[in-house]
Amino acid sequence: MRSKFAGRIKNIEISGIRKAFEALSGDFFNLGLGEPDFDTPEHVKIAAMQALKSGFTSYTSNKGIDELREAISAKLYRDNNLAFSPDEMIVTSGASEALHIAIHSVVERGDEVLIPNPGFVSFAALTELAEGKPIGVPLSDDFSISAEAVKEKITDKTKALIINSPANPTGAVESEENIKALVDIAHDHHVTIISDEVYEQLIYDDLKHISPARFSDDVITVNAVSKTYAMTGFRLGYVAARSEYTEQMLKVHQYVQACASSISQKAALAAIAGPQDCVVDMRSEFKRRRDFAVDALHDMGMKFKIPKGAFYIFPRVSDEHEFVESLKRKRVIVTSGSTFGSRGKNHVRISYATSLANLKHAFDIMKGIVRGD
Ligand SMILES: Cc1ncc(COP(=O)(O)O)c(C=O)c1O
């Protein structure tokens, strides 16, 4: 009998992260979350309230309001050394939708998409939704995605390569040299790069974020205000790419989304065009927590790479499920490494997007478990 539901949907698993959260009840020390615990900056909230009060509550242009696209264009130039006109971008409902329209517009049935393994859960799922085939590229020991590893996985079906620096779940940051090598490989094999840059502002230790689009026109840059400005619930992101790409992506965006929320667009405008000290403050607090977490894990004798960006640490453990469950029994939540791909096995993702007090409590409990108390 014919199945009632489409195979491309049935075969996709509900995200392991969501499943874990939805099963929780009561109070937990949550080191599983992938979102800043900070409040949205006041001037951003005011902009959203003003949008509401002034009745700015209708559909906007599909691409997004002009002022916001102008602000994004200026931001890309200021922060990323990228020259994209306001016509070369689409404002989306978060980076999630941005990734969806990027993948959907380049991937056909059977096309292969190279994704980091371990990597953010949506990369594989969105590829499957587009009836493409996610191909995991094993990360190096330092969690970077090397050009050699990518080259080994390229076939004549490879259509896209997803780069995510700083990375979820590892916190790795790619060097300029490596980004250039990846761009070269992609260019040689006519592969489009989709660059997920949602953590670009969360880099520590004087490293610099490098956008692949600096070196090639065949790059779709994905970003959002979600992580940078503690605005995950506003659902506001964007893609920037040459117009041959945005013209195709706009069709998907137009029919599945129409436009991003008008209120969130005004809030994002205040965030991107407004004062950036809130970003500096949040970054320095995340760095404090990163340093605290690194010291605590070193103290426990855990093995891990020091993360250079985002707000995650990805230590190795002997049995991830046992570790996750023992912590959960003591009301501390972390995420199993396998959630992020086969190479995440026997790791856990610890998010330090929570207060130092929570971190201290959670690490005390973890210490007891590691020592077998
Ligand atoms: C690497 C990465 N890309 C995209 C997203 C989704 O961002 P948004 O909330 O803007 O849809 C996340 C959220 O965790 C992420 O970690």
Point to revise | Rounded accessible area of MET49 (nearest 10 Å², 1.4 Å probe) | key: 100
Study note, to complete from the structure: Dipole check, region 216-319, charges on Cβ (K,R +1; D,E -1), about Cα centroid: among VAL239, PRO307, ALA270 the Cα furthest to the positive pole belongs to PRO307
**Study point:** Highest-first arrangement of 341-349, 270-278, where packing means the average Cβ count within 10 Å
**Key:** 341-349, 270-278
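For the chain, what proportion of DSSP beta bridges, expressed in % and rounded to the nearest 5, is antiparallel?
Roughly 45 percent of the beta bridges in the chain run antiparallel, per DSSP.
Quickly rank 50-56, 80-86 as a protection proxy: mean count of other C-beta atoms within 10 Å, highest first.
80-86, 50-56
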**Study point:** Those chymotrypsin sites (Phe, Trp or Tyr not before Pro) in region 236-276 that DSSP places in a loop and that have at most 11 other beta carbons within 10 Å
**Key:** none
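Rank these by accessible area, largest first, 1.4 Å probe: ASP156, ASP217.
ASP156, ASP217
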Check your understanding: Which of ASN11, ASN223, ASN117 moves most in a GNM of the chain, Cα contacts under 10 Å?
Key -> ASN11
Exercise for review: Multiply the residue separation of GLU247 and ASP291 by 0.36 nm, subtract the distance between their alpha-carbon atoms, and state the gained length in nm to one decimal.
Suggested key: 11.5 nm
Exercise for review: Enter the accessible area of PHE323 (Å², nearest 10), with the probe set to 1.4 Å and all protein chains included.
Suggested key: 20
Practice item. Using per-residue counts of other Cβ atoms within 10 Å, averaged over each peptide, order 280-288, 197-205, 257-265 from highest down. Key: 197-205, 257-265, 280-288
Check your understanding: Accessible surface of GLU148 in the full protein assembly, 1.4 angstrom probe, to the nearest 10 Å²?
Key -> 130
Review point. What number, in percent, do you get for the relative contact order of the chain if the mean sequence gap of Cα pairs under 8 Å and at least 6 apart is divided by its residue count?
Key: 24
Check your understanding: What list of ³J(HN,Hα) values in whole Hz, one per residue of region 162-174 in order, does the Karplus curve 6.51 cos²θ - 1.76 cosθ + 1.60 (θ = phi - 60°) give from phi, with Gly and Pro shown as x?
Key -> 9, 10, 9, 10, x, 9, 9, x, 9, x, 6, 10, 7
Exercise for review: Relative to the compact-globule scaling 2.2 N^0.38 Å, provide the ratio for the alpha-carbon radius of gyration of the chain.
Suggested key: 0.97
Point to revise | Dipole axis of region 1-78 (+1 Lys, Arg; -1 Asp, Glu on Cβ), positive-most option in GLN50, PHE28, LEU76 | key: LEU76
Check your understanding: Long-range amide H contacts for TYR352: which residues qualify at under 5 Å (H placed 1.01 Å from N, peptide plane, sequence gap of 5 or more or a different chain)?
Key -> TYR312, ILE313
Exercise for review: Could you tell me the distance between the Cα centroids of region 204-278 and region 110-176, to the nearest Å?
Suggested key: 20
Point to revise | Vicinal HN-Hα couplings computed from phi for region 274-290 (Karplus, 6.51 cos²θ - 1.76 cosθ + 1.60; Hz; Gly/Pro x) | key: x, x, 9, 5, 4, 5, 4, 5, 5, 4, 5, 5, 4, 5, 4, 5, 4
Revision key, fill the gap. Checking VAL225, VAL173, VAL256 against a Gaussian network model of the chain (alpha-carbon springs below 10 Å), the top fluctuating residue turns out to be VAL256
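The values are calculated or read from the model by the stated rules, or taken from the named source; none is laboratory data. Every value quoted in this text rests on a predicted model; they were computed, and no experiment measured them. So basically every Cβ, Gly included, is an ideal-geometry build from the backbone, and we count neighbours across all protein chains shown. Remember, those area values only see protein heavy atoms, side chains included, never the ligands or the DNA or RNA. Shrake-Rupley method; radii C 1.70, N 1.55, O 1.52, S 1.80 Å.
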